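**Student:** The structure follows.
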Amino acid sequence: VKWVIQDSADFGTPQHRRRPIFIITRKDAPCVWNFPEKLKEPPKTAFQTIGHLPKVGAGERCLTIPLHNGPYLPQCQIDCIHGVPEGGTAPDPVNVDGTKPKKKKPKYAFARIKKDDVVGTIVQKSASISGYRTLHYEQDRTLTVWECILLSGLDETWYIPLWVRNREQLIRDVL
């Protein structure tokens, strides 16, 4: 048994994704696998990866890049995330309808990525274990699907079938 914890950022992805990797063989079979060497150059930062994209606000559509549409947020959530610093977090203090939540734990929490750093694991689905949404480093909105794709290590030549383009929520949930 060979094992190691690898971080995708060590191999050029602009996102930290630490995962254990196990190589298991039979006792009588030699293990000829060697884990890959880390790249010598540092990974790209969030700004280097998505800083060239046109600005879009929450709920705005980008007419030039498919899947680079600002996800809709109600005004009360935009007010909540306004002023959250890079690397900072903010819980959602009100429900979508403006009422105070009955639960002690807010329905959503937001975490803003750092502009000049590798991003952490991107979470956009509130039902996930961590329960937070990832915010753009300078715009008051969550990341677009296209930003998630690029920050996940895929490049701008990645083909997206036309039948998928209208399924932004599905892609966001998968990424």
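Every read-out reported here was derived from the displayed coordinates using simple, explicitly stated rules and does not represent laboratory data. Here the structure is a predicted model, which means the values were calculated and not measured. Ideal geometry is used to build each Cβ from the backbone, glycine not excepted, and the neighbour counts take in all protein chains shown.
**Student:** Using +1 at the C-beta of Lys and Arg and -1 at the C-beta of Asp and Glu, which of Pro54, Trp3, Thr64 has the Cα lying farthest in the positive direction of the dipole of region 1-67?
**Tutor:** Sorting the options by dipole projection puts first Trp3.
**Student:** Show the residues, 5+ positions off or on another chain, whose built amide H is closer than 5 Å to the amide H of Arg17.
**Tutor:** When sequence neighbours closer than 5 places are left aside, the close amide H contacts are Ser8, Ala9.
**Student:** Excluding Val4 itself, what net charge comes from residues whose Cβ is under 15 Å from its Cβ, given Lys and Arg +1 and Asp and Glu -1?
**Tutor:** Net local charge, Val4 excluded: +2.
**Student:** Ok, one more. Taking the mean number of other Cβ atoms within 10 Å as a proxy for protection, how do you rank 136-148, 110-122 from highest to lowest?
**Tutor:** Order by mean packing, descending: 136-148, 110-122.
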